[in-house]
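As C-alpha cells, the structure follows; a few thoughts come after it.
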Amino acid sequence: MAIHVVRLGSPRAAGEGLRIGTVRRPPRGVPKARFASDNWYDMWFPTLSPSAGLMPLALSTHAEPDSAASRSTWALFTRRFRKEMAAPEAAHALDLVAALSHQSDMAIGCYCQNEARCHRSVLRALLAERGAGIA
C-alpha cells in the first residue's frame with residue numbers, strides 16, 4: 001500500500017488506486033463527468049493545494065527553473081506552502097492521507113509538468129515526514 005505522486009492527466013499506473021487531485025481548480029474545458037475517465041482525478045481535494053494567493057509565486061518558477069532567482073523564489077514558495085500545510089485543517093488532511101496510505105493504494109497529483117517545481121514535491125516530503133508509504 002502506498003501513495004503514488006503523479007501528474008494529473010497522465011496515464012494511470014497499475015495499482016495506482018484512487019487518484020486525488022490536489023489542485024486549486026478543476027481542469028479547464030473538461031466536463032466533470034470526464035475527470036476520472038480522462039485520467040485527471042477521481043476526487044478533488046483542494047485542501048492540499050496552495051492557496052490562490054500563493055499560486056503565482058509557484059508558477060513564476062516554471063519559466064527558468066535553473067536560474068538563481070527561480071531557486072530563491074522556489075525556496076520562498078516551499079516555506080510558505082509548508083506554513084499553509086501546518087494549519088489545522090491541512091495538517092489533519094495530511095495525517096489522514098498518510099494513515100490511509102497504509103491501508104490502500106492511492107495517488108495524489110497536480111497538473112505541473114516538472115515535479116521538482118510543483119507543490120506535489122512538497123506534499124511528497126510532508127507525507128513522508130508523517131510516515132506515509134510512498135511509491
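The values are calculated or read from the model by the stated rules, or taken from the named source; none is laboratory data. This one's a predicted model, so the numbers in the text were calculated from it and none came from an experiment. Reconstructed Cβ throughout: ideal geometry from the backbone, glycine too, with neighbour counts over all protein chains shown. Just the protein is used for accessible areas: all its heavy atoms, side chains included, with ligands, DNA and RNA removed. Shrake-Rupley method; radii C 1.70, N 1.55, O 1.52, S 1.80 Å.
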> When all alpha-carbon pairs of the chain are counted, what percent fall beyond 24 Å?
Replying inline: 27 percent
>> How much accessible area per residue does the chain have, counting only protein heavy atoms and a probe of 1.4 Å, in square angstrom?
In response: 53 Å²
> So for the pair Arg130, Ala36, with labels modelled 7 Å out along Cα→Cβ, what separation do we get in nm?
Replying inline: 2.3 nm
>> With every atom except the alpha carbons ignored, what do you get for Rg and Dmax of region 18-77, in angstroms?
In response: 14.3, 42
> So what's the back-of-envelope 222 nm ellipticity for the chain, counting only DSSP H runs of four-plus at -39500 (n - 2.57) apiece and dividing by all residues, rounded to 500?
Replying inline: -10500 deg cm²/dmol
> Which cross-chain or sequence-distant (5 or more) residues have an amide H under 5 Å from the amide H of Asp105, H modelled 1.01 Å from N in plane?
Replying inline: Ala2
> Relative to the present Cα-Cα distance, how much length would full extension add between His62 and Ala86 at 0.36 nm per residue of separation?
Replying inline: 6.2 nm
> Which helices of the chain meet both criteria: a Cα extent of 24 Å or more along the helical axis and a mean Kyte-Doolittle score no lower than -0.5, with helices taken as whole DSSP H segments?
Replying inline: none
> Just how much of Phe81 is accessible, in Å², when a 1.4 Å probe is used and the result is rounded to the nearest 10?
Replying inline: 0 Å²
> Taking a 1.4 Å probe, which of Met43, Met85, Met1 shows the most accessible area, and what order do the others take after it?
Replying inline: Met1, Met43, Met85
> How big is the gap, in Å, between the Cα center of region 93-112 and the Cα center of region 36-57?
Replying inline: 13 Å
> Per the 1.4 Å probe, what fraction of the accessible area of region 1-100, in percent, lies on carbon and sulfur atoms?
Replying inline: 61 percent
>> Net charge around Leu123, counting only other residues with Cβ within less than 11 Å of its Cβ (Lys, Arg = +1; Asp, Glu = -1)?
In response: +2
